[in-house]
Amino acid sequence: MNLLEQFVLQHVQVSELSAELVKVSKESGTQEAKVELNLTPRPMQADAGKDLPAYQVSARLSCRGGAEDKPGPAFRARVGFEAIYQQTSGEPVDIAQFTANHASLTRQLYPLLQQELRGLLNRLGLEQIHLPYDLPARVKDLSGHSVQLSGALH
C-alpha cells in the first residue's frame, strides 16, 4: 500500500538540529559515513466531524563519519521533522495499517531532511560529504524503522 495515494502532507516542522564536530584531520582521502533515516508514526487526536484519520510522523536523518581509531573528520549530525499526514480518500486507515506501510512516505520526507542535513554539515565545514539525493523507488519493510543509506567523505 502506498500511503501517498490516500494521504496528503498537511504540515512539516523542524524539531531537531544537532551537530558535533569531534576532531578535524588534515588527511585527505575517502571515508565512509553512516546515514540513517528513522520514521516513527503515531495517531493524531481526531477532530469532531472528521471521518478520516490523521497521523504524525517523527522523521530523523542522522549522519556519522570517521572513527576514533582512524584518521579523518569525526562528526555526528542529526535533523528531525514532525510531519502530519491527513487521509483524504478511501476507507479509514488504522494505525496498524499506517505503521505497516509508512515506508512509502520516505520518498517524500527524505529530500526535505536531506536538504536540512546538507545545510547543517556545510555549517560544520563538511561540504565534502555526499548524501544521496533520492531513495530507491521501493523501500522495503522497515523492520527496525530505519533505512540505511551510504555516504562518503572525499
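Listed values, structure above:
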read-out: Failed condition for residue 66, given (1) open to solvent by 70 Å² or more (accessible area, probe 1.4 Å); (2) at pLDDT below 90; (3) more than 17 Å from the chain's Cα centre (by Cα); value: (1)
read-out: Condition met for residue 79 (of a type in the set (Val, Ile, Thr), farther than 16 Å from residue 19 by Cα and surrounded by 20 or more Cβ atoms within 10 Å (Cβ to Cβ)); value: no
read-out: Some residue of region 117-134 being under 15 Å from residue 37 (Cα atoms), open to solvent by less than 10 Å² (accessible area, probe 1.4 Å) and assigned to a helix (DSSP H, G or I); value: yes
read-out: Of the criteria (1) modelled with pLDDT under 90; (2) assigned to a loop (DSSP other than H, G, I, E, B), which one residue 91 fails; value: (1)
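Here's the yes/no breakdown for (1) out of contact with any helix residue (DSSP H, G or I) (no Cβ under 9 Å at 6 or more places or on another chain); (2) farther than 20 Å from residue 13 by Cα; (3) at pLDDT below 95:
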position	(1), (2), (3)
85	no, no, no
98	no, yes, no
139	no, yes, yes
145	no, yes, yes
150	yes, yes, yes
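The values are calculated or read from the model by the stated rules, or taken from the named source; none is laboratory data. Keep in mind that this is a model prediction, so the values were computed, not measured. Note: ideal-geometry Cβ built from the backbone for every residue, glycine included; neighbour counts use all protein chains shown. Areas reflect the complete protein model, heavy atoms only, side chains present, ligands, DNA and RNA absent. Shrake-Rupley method; radii C 1.70, N 1.55, O 1.52, S 1.80 Å.
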